[in-house]
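What follows is a single structure, written as structure tokens, with notes after it.
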Amino acid sequence: MNVRTITLDEFLSELKAQGVPQEHFAFRCPMCGTIQSAVDLIAAGAGADFDAVEKHLGFSCVGRWTGAGTPKDTIDGRGCNWTLGGLLQTHKLEVVTPDGKCHPRFEPCTPAQAKAHACLPPLDPRPSIPDSTEAETCLESSGSPA
Ligand SMILES: [Zn+2]
């Protein structure tokens with residue numbers, strides 16, 4: 001499996017490029033393909049707020065808190081029990097921090113996927129969002145006429 005290595009700055013700019021509030025920053029689990037954000041982790045009971053779930057975000061699949069089992073073929077929104085903290089190393093992305101350490105992380109989704117995901121209720125069964133999704137969002141429309 002190819003592992004993509006990027007710097008922390010590049011990682012953060014990929015997240016900012018999603019164009020959604022930090023609690024909607026979206027990641028895709030490498031095992032089950034479920035797109036997830038801090039909102040999903042909070043809804044699943046992983047923590048009370050963004051600060052509490054940040055350490056899990058993009059690292060442990062939301063399924064660890066929803067009682068989901070091992071990765072399945074179908075994406076049902078519940079995720080799987082995967083964590084990058086396990087013995088098996090199957091991540092596709094490593095983020096290198098300024099101290100030179102590598103941190104495995106889930107891949108950030110595309111801006112279109114993040115915006116589409118932000119419109120869904122947390123943890124609802126959902127289809128996988130294709131990369132080519134039109135960038136539509138239910139988030140702020142700052143009053144400019146369509
Ligand atoms: Zn998963």
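Taken together, the values in this text are just the output of simple stated rules run on the coordinates, not laboratory data. Everything numeric in this text was worked out from a predicted model, so none of it was measured. Don't worry about glycine lacking a Cβ; one is built from the backbone with ideal geometry, like all the others, and counts go over all protein chains shown.
List of remarks:
- Potential lengthening of the chain between Leu8 and Thr90 amounts to 27.5 nm, from the contour at 0.36 nm per residue minus the alpha-carbon distance.
- Amide H contacts of Leu93 (H built 1.01 Å from N, under 5 Å, at least 5 apart or other chain): Arg4, Arg105
- Per residue, the average separation of C-alpha pairs within less than 8 Å and at least 6 apart gives the stretch 6-77 a relative contact order of 26 percent.
- Distant-in-sequence amide H partners of Thr83 (H built 1.01 Å from N, under 5 Å): Cys61
- The stretch 1-61 shape via C-alpha gyration tensor axes, a/c threshold 1.5: oblate
- Computed from the Cα positions only, the extents of the stretch 4-118 along the three principal axes stand at 36, 32, 26 Å, in decreasing order.
- C-alpha center-to-center spacing [the stretch 1-60, the stretch 78-123] in angstrom: 5 Å
- Other residues whose C-beta falls under 11 angstrom from the C-beta of Gly47 contribute a net charge of -2, scoring Lys and Arg +1 and Asp and Glu -1.
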